[in-house]
């Protein structure tokens, strides 16, 4: 059995919300493939190591909880970071032109924990 290295213990986990998956499915197939490839090759590896800083990462102002965006060409991927649990919640993907119009301040991320099983259910709600 392989031992986990020190770096993998400190990495963030990636959680794609249903809002993000629905937004990705609504994009033209060629754009969705382009974004999926960029997410796998560049975005997710960077977010696992350091979700707060990067050339394409920008923290948005006046959002609760704190929200960041990652620029992928003409598209923007929005995410929230839970630093205690070390989870990056990918909450939305939008075309640049529409991205900032559809984002409304004071969105909240709710975490439900089933007391019997201890399972966590994350919900991002306006």
**Study point:** region 34-87 shape via C-alpha gyration tensor axes, a/c threshold 1.5
**Key:** oblate
Point to revise | Residue-span extension gain [residue 55 to residue 30] - 0.36 nm each, minus C-alpha spacing | key: 6.5 nm
Study note, to complete from the structure: Taking 0.36 nm per residue of separation between residue 83 and residue 97 and subtracting their Cα-Cα distance, the length gained on full extension comes to 2.1 nm
Exercise for review: Over the residues of region 6-101, compute the C-alpha Rg and express it relative to 2.2 N^0.38 Å.
Suggested key: 1.03
Revision key, fill the gap. Within region 72-102, the residues whose backbone N lies under 18 Å from a label point placed 7 Å from the Cα of residue 42 along the Cα-to-Cβ direction are 72-79, 93-97
**Study point:** residue 71 versus residue 18: modelled label distance in nm, points set 7 Å from Cα along the beta carbon direction
**Key:** 3.3
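Here, each number is a calculation from the coordinates, and none is a lab measurement. In this text the structure is predicted, and so the values were computed from the model without any measurement. Positions of Cβ are backbone-derived with ideal geometry, glycine not excepted, and every protein chain shown enters the neighbour counts.
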